[in-house]
Amino acid sequence: MPPAKPRVILLTGDGKGKTTSALGMVLRAAGHGMRVALIHFIKCDRDTGENRALARFPEVEVHFCGCGFVRNPSPAHLERHRAAAQRGLELARERLQAPEPDMVVLDEICCAVSLGLLDAADVVAAVRIAPAGKIVFLTGRQAAPALVALADTVSDIACVRHGMDAGWPAQPGVEC
């Protein structure tokens with residue numbers, strides 16, 4: 001008998017494929033008729049191959065709650081990122097508590113925590129309010145120890161080599 005709590009899966013590490021792996025699980029869930037909420041923290045580009053594909057699935061709702069990747073931000077820019085992440089966490093709380101969706105993906109939430117945009121304890125508290133049977137995916141680099149401890153399944157995706165380091169630009173179907 002499964003535990004009387006939500007199932008929590010964490011995908012972290014410096015390798016490519018954390019979001020892609022979570023999207024594979026979204027596809028699997030949609031194939032079983034499950035409802036899914038995908039909440040992007042950090043990312044804001046709606047014109048990607050995966051977003052175009054997900055638009056074909058009425059079972060999947062996609063939310064963008066980020067302002068883009070954070071690189072040497074000014075204090076005002078950092079505050080804008082923090083406010084967006086907080087709005088995303090509020091949406092996550094709503095979707096985690098609701099009877100539907102069956103699965104909630106919090107994409108790049110580990111990055112939001114590692115950048116100081118969100119507090120790990122607040123993320124843990126949000127996930128813990130999810131009812132038994134809800135499936136929760138957390139993705140992003142540098143997962144905080146509290147998020148690792150929270151998860152039932154943790155995968156650390158390591159980078160052995162990345163084509164961008166060899167000069168390959170972001171390529172449709174691969175990176176975008």
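The values are calculated or read from the model by the stated rules, or taken from the named source; none is laboratory data. These numbers come from a predicted model, not from an experiment. We place every Cβ from the backbone using ideal geometry, glycine too, and count neighbours over all the protein chains shown.
Matching residues to (1) touching a Cys at 6+ places or on another chain (Cβ under 9 Å); (2) charged (D, E, K, R); (3) assigned to a loop (DSSP other than H, G, I, E, B):
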{"position": "A53", "(1), (2), (3)": "no, no, no"}
{"position": "H63", "(1), (2), (3)": "no, no, no"}
{"position": "C67", "(1), (2), (3)": "yes, no, yes"}
{"position": "H77", "(1), (2), (3)": "yes, no, no"}
{"position": "R80", "(1), (2), (3)": "yes, yes, no"}
{"position": "A85", "(1), (2), (3)": "yes, no, no"}
{"position": "P99", "(1), (2), (3)": "no, no, yes"}
{"position": "V104", "(1), (2), (3)": "no, no, no"}
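Of all residues in the range 32-63, count the ones that are small (G, A, S), more than 12 Å from the chain's Cα centre (by Cα) and either under 26 Å from Q86 (Cα atoms) or at pLDDT below 95 (or both). Quick ask: steps written out before the conclusion?
If we filter the range 32-63 for residues that are small (G, A, S), which is where we start, we get 33, 37, 49, 53, 55.
Restricting the remaining residues to those that are more than 12 Å from the chain's Cα centre (by Cα) gives 33, 49, 53, 55.
Now narrow it down to the ones that are either under 26 Å from Q86 (Cα atoms) or at pLDDT below 95 (or both): 49, 53, 55.
Looking only at that region, the number is 3.
Considering each of G31, G49, G15, G66 in turn, give the residue that is surrounded by fewer than 16 Cβ atoms within 10 Å (Cβ to Cβ) and within 24 Å of Q171 (Cβ to Cβ). Before the answer, list the steps.
On the way: G31 fails: within 24 Å of Q171 (Cβ to Cβ); G15 fails: surrounded by fewer than 16 Cβ atoms within 10 Å (Cβ to Cβ); G66 fails: surrounded by fewer than 16 Cβ atoms within 10 Å (Cβ to Cβ).
Unique residue meeting the criteria: G49.
Check A130, A37 and return the single one that is in contact with a Pro (Cβ under 6 Å, 6 or more places away or on another chain), closer than 25 Å to K5 by Cβ and in a loop (DSSP other than H, G, I, E, B). Outline the logic, then answer.
Details: A37 fails: in a loop (DSSP other than H, G, I, E, B).
Selected residue: A130, the only one of A130, A37 that is in contact with a Pro (Cβ under 6 Å, 6 or more places away or on another chain), closer than 25 Å to K5 by Cβ and in a loop (DSSP other than H, G, I, E, B).
Report whether or not G116 is buried (at least 22 other Cβ atoms within 10 Å of the Cβ), touching a Lys or Arg at 6+ places or on another chain (Cβ under 8 Å), in contact (Cβ under 8 Å) with a residue 12 or more places away in the chain and within 17 Å of A84 (Cα to Cα).
Working: buried (at least 22 other Cβ atoms within 10 Å of the Cβ): no; touching a Lys or Arg at 6+ places or on another chain (Cβ under 8 Å): yes; in contact (Cβ under 8 Å) with a residue 12 or more places away in the chain: yes; within 17 Å of A84 (Cα to Cα): yes.
Judged against the criteria, G116 is not a match.
Restricting to the range 129-154, name every residue that is small (G, A, S) and surrounded by fewer than 16 Cβ atoms within 10 Å (Cβ to Cβ).
If we filter the range 129-154 for residues that are small (G, A, S), which is where we start, we get 130, 132-133, 140, 143-144, 146, 149, 151.
Once the filter is applied, which keeps residues that are small (G, A, S) and surrounded by fewer than 16 Cβ atoms within 10 Å (Cβ to Cβ), the range 129-154 yields A132, G133, A146, A149.
Of a type in the set (G, A, S), exposed (fewer than 15 other Cβ atoms within 10 Å of the Cβ) and without any contact (Cβ under 8 Å) to a residue 12 or more places away in the chain, is that true of A121? Please lay out each step first, then the result.
Details: of a type in the set (G, A, S): yes; exposed (fewer than 15 other Cβ atoms within 10 Å of the Cβ): yes; without any contact (Cβ under 8 Å) to a residue 12 or more places away in the chain: no.
It is false that A121 is of a type in the set (G, A, S), exposed (fewer than 15 other Cβ atoms within 10 Å of the Cβ) and without any contact (Cβ under 8 Å) to a residue 12 or more places away in the chain.
Here is a list: C176, C111, C159. Which entry is out of contact with any strand residue (DSSP E or B) (no Cβ under 8 Å at 6 or more places or on another chain), assigned to a helix (DSSP H, G or I) and not polar (S, T, N, Q)? Walk me through how you get there before you give the answer.
On the way: C176 fails: assigned to a helix (DSSP H, G or I); C159 fails: assigned to a helix (DSSP H, G or I).
Selected residue: C111, the only one of C176, C111, C159 that is out of contact with any strand residue (DSSP E or B) (no Cβ under 8 Å at 6 or more places or on another chain), assigned to a helix (DSSP H, G or I) and not polar (S, T, N, Q).
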